[in-house]
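The values are calculated or read from the model by the stated rules, or taken from the named source; none is laboratory data. Given the structure is predicted, the values throughout are model-derived calculations rather than measurements. Note that each Cβ is placed from the backbone with ideal geometry, even for glycine, and that neighbours are counted across all protein chains shown. Protein only, heavy atoms only, side chains kept; ligands, DNA and RNA dropped before computing areas. Shrake-Rupley method; radii C 1.70, N 1.55, O 1.52, S 1.80 Å.
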Amino acid sequence: MAGGENFDMVIFGGVGDLATRKLLPALYYLNRDGHFLSHSRVIACGRSGLAREAFQAHAEQACRRYVRAADLDDSALQSFLQRLDYVRVDAAEKSHFEALAETLNRQDPDRTRVYFLATRPDLFASLCENMSAAGLNTAASRVVLEKPLGTDLASANEINCRVGAVFAEEQIFRIDHYLGKETVQNLMALRFGNALFEPLWRRTNISDVQITVAEQVGVEGRADYYDSTGAMRDMVQNHLLQLLCMFAMEPPCSNEANAVRDEKLKVLRALKPLVGQAALSHTVRGQYRAGAINGQAVPGYLDEDGVATDSSTETYALIKAHVDTWRWAGVPFYLRSGKRLAERRAEIVVNFRPVPLNIFSKDMGSLPVNRMVIRLHPDEGVRLNVLAKQPGPAMRLKPVSLHLDFASTFKVRPLDAYERLLTEVIRGNLTLFMRNDELEAAWRWVDPIIAAWQDSGEPPRSYNAGSWGPSSAVSLLARDGMVWHEEVEDAR
Ligand code: BG6
């Protein structure tokens with residue numbers, strides 16, 4: 001994008017949590033690294049009447065707090081702050097949009113405009129409608145919608161429909177920040193840049209796939225949002241399903257947005273529905289009780305500030321999913337995510353099938369299987385476990401790992417997910433964003449699972465903060481003769 005065109009980025013929810021922690025720091029980096037032409041602007045909007053200087057002071061604090069100290073350069077910071085402006089906008093107040101139009105029109109009105117809606121989703125539709133009424137939807141405008149995009153299929157459809165009445169689908173960028181992560185990009189490179197893996201990437205060679213996004217943090221002051229959301233809507237419906245799509249999709253015919261999104265959609269549509277009893281037997285939902293994280297005592301979910309004392313919101317969700325296609329029929333995909341787990345770890349673990357016959361030693365039984373671990377956190381990279389002969393007189397086999405560590409291999413600072421995604425929005429490339437039909441398909445699969453949980457009247461299973469989740473998560477795999485990756489690691 002360096003050397004591109006001048007653009008205006010408008011952030012609704014400009015002093016909110018997302019803007020402060022992620023967007024402003026990401027924009028600082030983009031400016032520092034030469035991606036802004038001299039007249040590009042960032043205009044934050046919010047309900048409070050902040051003066052420009054007060055917003056600049058807020059942005060400065062955000063950068064000082066969330067940009068790595070080594071990357072914070074005073075002149076780059078000053079140059080970034082000079083680009084910032086603030087306009088008071090209440091989503092319901094039409095005259096505020098006219099004031100915003102006036103600010104925007106002070107520069108070339110035909111330049112690229114990005115409207116980033118970092119607000120509550122119930123404001124998306126009215127923001128877009130009021131923008132349109134004030135003539136803000138120019139031909140070169142794009143709108144970015146942050147998750148959660150609705151709370152179920154009906155509310156997502158309403159957002160899609162009302163936003164879609166104002167902006168064309170090609171102008172709508174639905175963010176799932178997991179698609180901006182370096183390793184997720186690398187999954188595309190690994191699968192479609194190498195001839196090696198494609199023949200193995202199917203049911204005949206793969207026994208099961210485990211997709212884990214484990215967090216150590218709890219609700220972090222977001223109980224207001226989280227207690228009415230839960231792990232299924234917060235993480236599985238979007239991030240985990242997108243990881244599943246990137247892993248399981250057929251090779252697209254190009255890297256172009258719709259080619260990739262068509263293939264992802266097919267995966268979502270091929271998910272075997274989980275309804276009623278099937279939903280209950282294929283899932284585990286949990287809620288953490290008090291425990292310890294890294295040796296520090298932490299409270300249980302029900303004792304977190306802002307959480308209802310009788311809340312049955314799940315802080316952990318595990319789903320055994322099936323993608324009913326020729327490639328994947330019969331292969332379980334275990335998707336799990338939880339808060340206050342033993343480690344912060346996000347990974348896709350691929351277990352390959354065993355060799356047909358162990359020729360080495362009759363006493364050894366079956367040989368350990370090959371395993372590929374595609375790691376998003378903490379150490380981004382790909383590890384492939386293979387068996388090798390242990391040096392010595394006996395023919396002893398031992399698992400060893402071939403390891404591609406992105407940080408030490410490429411020695412460059414990886415882009416933060418938001419840096420990448422903002423760059424792609426400015427470029428107008430939709431490949432890393434969800435299309436409306438993907439969003440619908442994801443909710444269509446998730447809704448009946450949540451309904452089955454609610455109808456069952458059963459509370460979530462408890463687990464200790466600092467553990468790997470409820471014990472039934474282990475038994476669900478054991479019933480299939482499988483074990484979680486961390487159990488295999490612990491056994492070594
Ligand atoms: C967000 C969720 O989408 O993703 C949070 O709302 C979660 O609850 C976060 O903590 C995890 O993102 P990351 O990039 O830190 O793994």
Quick tally, 1.4 Å probe accessible area for THR309, THR325, THR423, sorted with the most first, runs THR309, THR325, THR423
Judged on accessible area alone, 1.4 Å probe, highest first, GLU102, GLU487, GLU146 line up as GLU102, GLU487, GLU146
Per the rule of 0.36 nm per residue minus the C-alpha distance, extending LYS398 to HIS377 adds in nm 5.0 nm
For the range 402-409, Karplus-derived ³J(HN,Hα) couplings (6.51, -1.76, 1.60; θ = phi - 60°; whole Hz; x for glycine and proline) come out as 8, 10, 9, 9, 4, 4, 7, 6
Other residues with Cβ under 13 Å from the Cβ of THR431 give, with Lys and Arg +1 and Asp and Glu -1, a net charge of -1
Restricting to lysines and to Cα separations under 23 Å from LYS389, and discarding same-chain partners fewer than 8 apart, the set is LYS362, LYS398
With Cα coordinates, the longest principal axis of the chain makes an angle with the long axis of helix 436-456, in degrees rounded to 10, of 60
Classified through the alpha carbon gyration tensor (a ≥ b ≥ c as square roots of its eigenvalues; rounded if a/c is under 1.5, else prolate when a/b is larger than b/c, else oblate), the range 31-70 comes out oblate
Dividing the helical contributions, -39500 (n - 2.57) per DSSP H run of n ≥ 4, by the residues of the chain yields a 222 nm value, nearest 500 deg cm²/dmol, of -10000 deg cm²/dmol
For the range 401-465, shape from the Cα gyration tensor axes a ≥ b ≥ c, cut at a/c of 1.5 then a/b versus b/c, turns out oblate
Karplus ³J(HN,Hα) for the range 255-265 (6.51 cos²θ - 1.76 cosθ + 1.60, θ = phi - 60°; Hz, whole; x = Gly/Pro) runs 8, 6, 3, 6, 5, 6, 5, 4, 6, 5, 4
Interchain or sequence-distant (5+) residues whose placed amide H lies within less than 5 Å of the amide H of ILE11 are ILE43, ALA44, CYS45, PHE116
Expressed in angstrom and rounded, the centroid-to-centroid distance over alpha carbons for the range 80-126 and the range 293-335 is 37
Amide H proximity to THR112 below 5 Å, modelled H, separation 5+ or other chain, gives ASP8
Taking Cα pairs closer than 8 Å and at least 6 residues apart, the relative contact order of the range 2-146 in percent is 31
Taking Cα pairs closer than 8 Å and at least 6 residues apart, the relative contact order of the range 96-183 in percent is 32
For HIS96, the net charge from surrounding residues (Cβ-Cβ under 15 Å; K, R +1; D, E -1) works out to -3
Diffing the range 98-114: the Karplus 3J(HN,Hα) column from phi (6.51, -1.76, 1.60, θ = phi - 60°), in whole Hz with x for Gly and Pro, holds 5, 5, 5, 4, 4, 4, 5, 6, 5, 10, 3, x, 8, 5, 4, 10, 10
For the range 54-176, the per residue accessible area (1.4 Å probe, Å²) is 44
Listed by chain and number, the residues whose amide H is under 5 Å from that of GLY276, excluding neighbours fewer than 5 places away on the same chain and using placed H, are ALA452
Over the range 2-146, the quotient of the Cα radius of gyration and 2.2 N^0.38 Å is 0.99
Classified through the alpha carbon gyration tensor (a ≥ b ≥ c as square roots of its eigenvalues; rounded if a/c is under 1.5, else prolate when a/b is larger than b/c, else oblate), the chain comes out prolate
With DSSP loop assignment and no more than 11 other C-beta atoms within 10 Å, the trypsin sites (Lys or Arg not before Pro) in the range 1-96 are ARG68
Here the relative contact order (percent) of the chain, from C-alpha pairs under 8 Å and at least 6 apart, is 17
